[in-house]
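The values are calculated or read from the model by the stated rules, or taken from the named source; none is laboratory data. Computed from a prediction, not measured in an experiment: that's the story for all the values here. For neighbour counting, all protein chains shown are included, and Cβ atoms are generated from backbone atoms with ideal geometry for every residue, glycine included.
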């Protein structure tokens, strides 16, 4: 009799005991006429049988019938049940109990349904903990940690409080920034390189497309430590070879990375020192850690494989009475604290002016206030009375020798690159501020003259 811990990330569900990882497979299902297969075996057929693949049943856990009319008798809950049943049969011994780490995209309804499925399968769940909290085992001194993980369809970012333990303060789920979106970008880029260098298109057949998908993880590992990656695909007895620069893989992921950067910057206040904690899956993405550190500042910390499940099993909360199982959003640390270098700042370029229409307003030590009703003695940018969602004294921008900062005073919110800021944020050249609904857009620029049109 023992305790197992599971991390329910659909990009790679992990189950471990206190010694080793027992299971690590994606939340993917292959539905054929008389057979339901889940995990790695299903994923290995994703390109070969795309119409039979389902990969949203964990992130869309409901009892509603599947959209595919051929399988209208099944729901996402049925697929979750099958994979959970197969996992438990493979890893559990008589008397074992399960603690689960759940991602931020799982709602209260999802969790209730999950517990019901586990009860039907006679899997004794003794604890549910937020995945970011489970992964965070140490105090980041003088800094604010944000934990980042990547699922199949979305990325999650969780800002953590550190008042004697790790505790969820705020989470963001970024859609279309998951592993599948990145994989599609890399597939197209790699295929183009093969066509250019060997006149072979690996996307021409489902068979070679599947081979391409299966080999991407190994090629990404090489890209993490080498400037170029040698690639080979064999088809009908002929070996086709190509070489890709690691920077090409980073460039292919740039749209996703930029979205992650924008969301992460909105989670940090101007006075914060970032401690960016990346799951092993996120850390594996070529150039992501470097991009976040450069654009957001602070330090990045890369976790080992299975860190979330391991962090949970070593800190499983005390058993709760039957029927009282609730999601835990805080846990004590169990590892030594780390001192974060507070001098590491972002290098995105400090803006000198705010561009509104054809007019550029200088940003200096005297605050530039934006709103609808100016006050005597303040530098002011009047936004007028016509736009909904603009406060009288909406926000202010100030710049010194260290950084340019925007502070939000409104009840409607101020948006930085499309994301609402949390009180204040550090600004970079090229940023776009939106105020109001549908809103005014103002751009941060660097210019030589103080004022002008």
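Structure values in brief
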item	result
Of the criteria (1) touching a strand residue (DSSP E or B) at 6+ places or on another chain (Cβ under 7 Å); (2) outside any loop (DSSP other than H, G, I, E, B); (3) modelled with pLDDT of 95 or more, which one residue 36 fails	(3)
Odd one out for residue 83, checked against (1) more than 23 Å from the chain's Cα centre (by Cα); (2) crowded, with 22+ Cβ neighbours inside 10 Å; (3) within 23 Å of residue 211 (Cβ to Cβ)	(3)
In the range 86-103, residue surrounded by the fewest Cβ atoms within 10 Å (Cβ to Cβ) [restricted to those that are in contact with a strand residue (DSSP E or B) (Cβ under 8 Å, 6 or more places away or on another chain) and in a loop (DSSP other than H, G, I, E, B)]	96
Neighbours by Cβ (under 6 Å, 6+ apart or cross-chain): first from the range 57-79, over 14 Å from residue 110 (Cα atoms); second exposed (fewer than 12 other Cβ atoms within 10 Å of the Cβ)	65/72
Among (1) farther than 30 Å from residue 314 by Cα; (2) part of a helix (DSSP H, G or I), the one test that residue 200 misses	(2)
Members of the range 133-151 that are part of a loop (DSSP other than H, G, I, E, B), surrounded by 21 or more Cβ atoms within 10 Å (Cβ to Cβ) and either modelled with pLDDT under 95 or under 14 Å from the mean Cα position of the chain (by Cα) (or both)	151
Strands (runs of 3 or more DSSP E) contained in the range 381-453 and holding at least 1 residues in contact with a helix residue (DSSP H, G or I) (Cβ under 6 Å, 6 or more places away or on another chain)	414-416
Subset tally (residues that are over 17 Å from the mean Cα position of the chain (by Cα), at pLDDT below 95 and assigned to a helix (DSSP H, G or I)) for the range 223-280	1
Residues within the range 18-44 that are surrounded by 18 or more Cβ atoms within 10 Å (Cβ to Cβ), out of contact with any helix residue (DSSP H, G or I) (no Cβ under 7 Å at 6 or more places or on another chain) and touching a residue at least 40 places away in the same chain (Cβ under 8 Å), tallied	0
Residues that are within 26 Å of the chain's Cα centre (by Cα) and surrounded by fewer than 20 Cβ atoms within 10 Å (Cβ to Cβ), drawn from the range 373-411	405, 407
Residues located in the range 111-132, provided they are surrounded by 24 or more Cβ atoms within 10 Å (Cβ to Cβ), in contact with a helix residue (DSSP H, G or I) (Cβ under 7 Å, 6 or more places away or on another chain) and in a helix (DSSP H, G or I)	131
Condition check for residue 75: surrounded by fewer than 22 Cβ atoms within 10 Å (Cβ to Cβ) and in contact with a helix residue (DSSP H, G or I) (Cβ under 8 Å, 6 or more places away or on another chain)	no
